[in-house]
Amino acid sequence: MKKRMIAALMVFCMILTFTACGSNSKDVNAGSTPDAKAPTDTSKSKDLITVGFSQVGAESDWRTANTESMKSTFSEANGYELIFDDAQQKQENQIAAIRNFIQQEVDYIVLAPVTETGWDTVLQEAKDAGIPVIIVDRMVNVSDDSLYTAWVGSNFELEGKKAAAWLDAYLKAAGKDKDEVNIVDIQGTIGASAQIGRTKGLEDAVKQHSSWKLLAKTTGEFTQAKGQEVMESLLKQYGDKIDVVYCENDNEAFGAIDAIEAAGYKVGVDGDMIVMSFDSTNAGLSDTLNGKITLNTECNPLHGPRVEEIIKDLQSGKTVDKQKYVEEGIFSFENSVPSIKIDGVDYPVTQVTKDLAAQRAY
């Protein structure tokens, strides 16, 4: 009896095995073993381009818009799998994230670096792994520029030059170009490309104007809270001597304005001091419209489509530009300066309107 049961069980198992093999035979490629997965079983992620993105953090409205641009562009619906990492302003977190991306064998690494230096080793690791690295926003300073494939972002020194050229033209239009002008610079995160370029643009202009005096420069770390803290300290030290507050992003400007008004001073062309800013976010342009920010030089955060264009070109085997600057505007509260000229190039200055401020997407 036991032998007959065992024999019957063996026949049953053989039938099941034959049936299973027959069902797989239409799905596997020739030469595949019965254990091979059929193409129809392949995970959806296998068809997606995997992008690892290391973001600086979420320190400003600009940064939030930049993150959203990347997330909306590199979505599953668009054919991507995005692995996002928030570095919380720490370079060591970004280095760890890049190494994790390498271990996960992503197709592309996108890096918005905290600072310019300190990237040679980890980018060499990415290069050795054959993973293209695309730098966005801030630049990296490496010994070998083949360590990254492409960079896309803003010309931060030109932004600084634009702001300084506008201030020069504004003072001339107001008949104050011979007056002493005292400036304080609330810098961005020290060592970041935006800070380096915007600070240099101002410093070079100060050297060219004997009546301009740079009273102080100190970092506001691109945040509203730090911008307010720094401005409070500057007001205690210099008080009503300050004529111009040069903030290296909108969030610092918001904090500085809060400190100025809390101290009993008025900002604006008819006030005690004017505030200049960078980014031209929705909130920044709103403050420009109401005169709290007199000039706002644009820094466009919508890098997602630009990075995708680079990836598509690389996917199709095309050669991409090593560096690509985005086009950006200049926005002012008043219209005394319709345009400025830098190195022979004219740049229009746009007076902010309600419609323009309302239409700003970030």
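Annotations
- Candidates A173, A129: the one that is assigned by TED's automatic domain parsing to the domain that holds G255 and out of contact with any Phe, Trp or Tyr (no Cβ under 6 Å at 6 or more places or on another chain) is A173.
- Residues that are touching a residue at least 60 places away in the same chain (Cβ under 8 Å), in a strand (DSSP E or B), of a type outside the set (G, A, S) and within 23 Å of D168 (Cα to Cα) do occur in region 247-265.
- Scanning region 79-97 for residues that are farther than 13 Å from G52 by Cα and either polar (S, T, N, Q) or in contact with a Ser or Thr (Cβ under 9 Å, 6 or more places away or on another chain) (or both) yields a count of 4.
- The single condition from (1) aliphatic (A, V, I, L, M); (2) outside any loop (DSSP other than H, G, I, E, B); (3) farther than 24 Å from G57 by Cβ; (4) in contact with a helix residue (DSSP H, G or I) (Cβ under 7 Å, 6 or more places away or on another chain) that L314 fails is (4).
- Subset of region 317-360 that is farther than 21 Å from M70 by Cβ and hydroxyl-bearing (S, T, Y) - its residue that is surrounded by the most Cβ atoms within 10 Å (Cβ to Cβ): S332
- Annotation: Q228 fulfils all but one of (1) of a type in the set (S, T, N, Q); (2) out of contact with any helix residue (DSSP H, G or I) (no Cβ under 6 Å at 6 or more places or on another chain); (3) in a helix (DSSP H, G or I); the unmet one is (2).
- For region 70-80, the criterion of being aliphatic (A, V, I, L, M) and crowded, with 22+ Cβ neighbours inside 10 Å is met by at least one residue.
- Every residue from region 81-96 that is part of a strand (DSSP E or B) and crowded, with 20+ Cβ neighbours inside 10 Å: L82
- Within region 57-72, if we keep just the residues that are more than 10 Å from the chain's Cα centre (by Cα), among the charged types (D, E, K, R) and part of a helix (DSSP H, G or I), the residue that is farthest from F254 (Cα to Cα) turns out to be K71.
- Any hit, region 57-64, residues being surrounded by fewer than 18 Cβ atoms within 10 Å (Cβ to Cβ) and polar (S, T, N, Q): yes
- Candidate set from region 253-265 (those that are closer than 17 Å to N290 by Cα and not aliphatic (A, V, I, L, M)); member that is surrounded by the most Cβ atoms within 10 Å (Cβ to Cβ): F254
- Residues that are assigned to a helix (DSSP H, G or I), of a type in the set (K, R) and under 26 Å from D61 (Cα atoms) within region 196-225 comprise R198, K200, listed in sequence order.
- Residues of region 46-56 that are surrounded by fewer than 16 Cβ atoms within 10 Å (Cβ to Cβ) and part of a loop (DSSP other than H, G, I, E, B): none at all.
- Residues satisfying the stated conditions in region 291-311, i.e. part of a loop (DSSP other than H, G, I, E, B), touching a residue at least 40 places away in the same chain (Cβ under 8 Å) and of a type outside the set (S, T, Y): G291, I293, C299, N300, P301, L302, H303
- Counted residues, region 101-124 - those being out of contact with any Leu (no Cβ under 7 Å at 6 or more places or on another chain), buried (at least 16 other Cβ atoms within 10 Å of the Cβ) and not in a loop (DSSP other than H, G, I, E, B): 7
- Any hit, region 153-175, residues being at pLDDT 95 or above, over 28 Å from C247 (Cα atoms) and in a helix (DSSP H, G or I): no
The values are calculated or read from the model by the stated rules, or taken from the named source; none is laboratory data. Nothing here was measured: the structure is a model prediction, and the numbers come from that model. Glycine also receives a Cβ, built like all others from the backbone with ideal geometry; neighbour counts cover every protein chain displayed.
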